[in-house]
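Q: I'd like to ask some things about the structure below.
The values are calculated or read from the model by the stated rules, or taken from the named source; none is laboratory data. These numbers were taken from a predicted model, which means no experiment stands behind them. We place every Cβ from the backbone using ideal geometry, glycine too, and count neighbours over all the protein chains shown. These area figures cover heavy atoms from the full protein model, side chains too; ligands, DNA and RNA do not enter into them. Shrake-Rupley method; radii C 1.70, N 1.55, O 1.52, S 1.80 Å.
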Amino acid sequence: PLQMVIRPDSDIKNAENAASDFEKAVLDESGLVIHVQVVQRYAEALAALCGSAGGSAAAAWLNGLGYTAAEAQHCGQPVMQVERGTGSDKHTGQAVAILVKKNANFSSAGSLRNKTFCRIGFDDMDTWLLPSLMLQAARVTPLDLKAVNDYPDIPKLVEAVASGDCDAAGVPANVLDAFANDLGKTADQVKILDTSVEFPYAILMVPAEVPLGTR
């Protein structure tokens, strides 16, 4: 059977339990037999996709960074993209931003050299992986920062910026709207310094080894 590798957004156990129902739905709709493999990291999905030439073919759902890596390695072709929302509120991806205190004298991400940057964790997409690319585009590497501190969630991250404990933080670009109820007046004490391009939620990549009819 064709392998389909998925890194779920929600609890991995729930995804594993739902995998057999998904396999049956695909079989009933298309006649295709697929085997769903649930993984914990997008890197595992990318490895399975790129390893298709040497073994069983594996289609993989990848995030924006994984898709970019797959394209660079010529590992597959995009066939489907996740879309969320409806009408004018419809999006295929999300941008991230660098947040600073409202009265901070920073003109761009390049101003954050030797400053304290805060995030949720080293493997968090919205608060570190993508913002760190924005910093590097502005010629600021992680080693150029004074410190990198972790906070448990987005509201505490924003509060740390507002209080001055953090000079800047990586956040989803819509953070002030999405967390308005949690932030309250704290939202008035911060501002967006820089915003990224929109990164895809997820893209289904299929290796060249999969016949056209199956795709």
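Q: Restricting to the range 39-70, give me the number of residues that are part of a loop (DSSP other than H, G, I, E, B) and over 9 Å from VAL5 (Cα atoms). Let's see the steps before the verdict.
A: Restricting attention to the range 39-70, the residues satisfying the condition of being part of a loop (DSSP other than H, G, I, E, B) are 39-41, 51, 55-57, 63.
Right, trim to over 9 Å from VAL5 (Cα atoms) and you get 40-41, 51, 55-57, 63.
So the answer is 7.
Q: Would you call VAL148 outside any loop (DSSP other than H, G, I, E, B), open to solvent by less than 80 Å² (accessible area, probe 1.4 Å), under 28 Å from HIS91 (Cβ atoms) and of a type outside the set (Gly, Ala, Ser)? Let's see the steps before the verdict.
A: On the way: outside any loop (DSSP other than H, G, I, E, B): yes; open to solvent by less than 80 Å² (accessible area, probe 1.4 Å): yes; under 28 Å from HIS91 (Cβ atoms): no; of a type outside the set (Gly, Ala, Ser): yes.
Answer is no for this residue.
Q: Another question, if that's okay. Any idea which of MET134, MET125 is open to solvent by 30 Å² or more (accessible area, probe 1.4 Å) and within 18 Å of the chain's Cα centre (by Cα)?
A: On inspection, the qualifying residue turns out to be MET125.
Q: Follow-up question, since we're still on this one. For the range 137-186, which residues satisfy the criterion of being of a type in the set (Gly, Ala, Ser) and under 22 Å from the mean Cα position of the chain (by Cα)?
A: Within the range 137-186, ALA137, ALA138, ALA168, ALA169, GLY170, ALA173, ALA178, ALA180 qualify.
Q: Can I ask one more? Only residues that are among the basic types (Lys, Arg) and under 22 Å from the mean Cα position of the chain (by Cα): list them for the range 77-122, please.
A: Looking only at the range 77-122, we keep the residues that are among the basic types (Lys, Arg), and these are 84, 90, 101-102, 113, 115, 119.
Answer for the range 77-122, where residues must be among the basic types (Lys, Arg) and under 22 Å from the mean Cα position of the chain (by Cα): ARG84, LYS90, ARG119.
Q: Further question: Which pairs turn up if I take residues in the range 139-159 that are on the phi > 0 side of the Ramachandran plot and look for partners that are of a type outside the set (D, E, K, R) and open to solvent by less than 40 Å² (accessible area, probe 1.4 Å) with beta carbon separation below 7 Å, at least 6 apart in sequence or on another chain?
A: ARG139/GLY110
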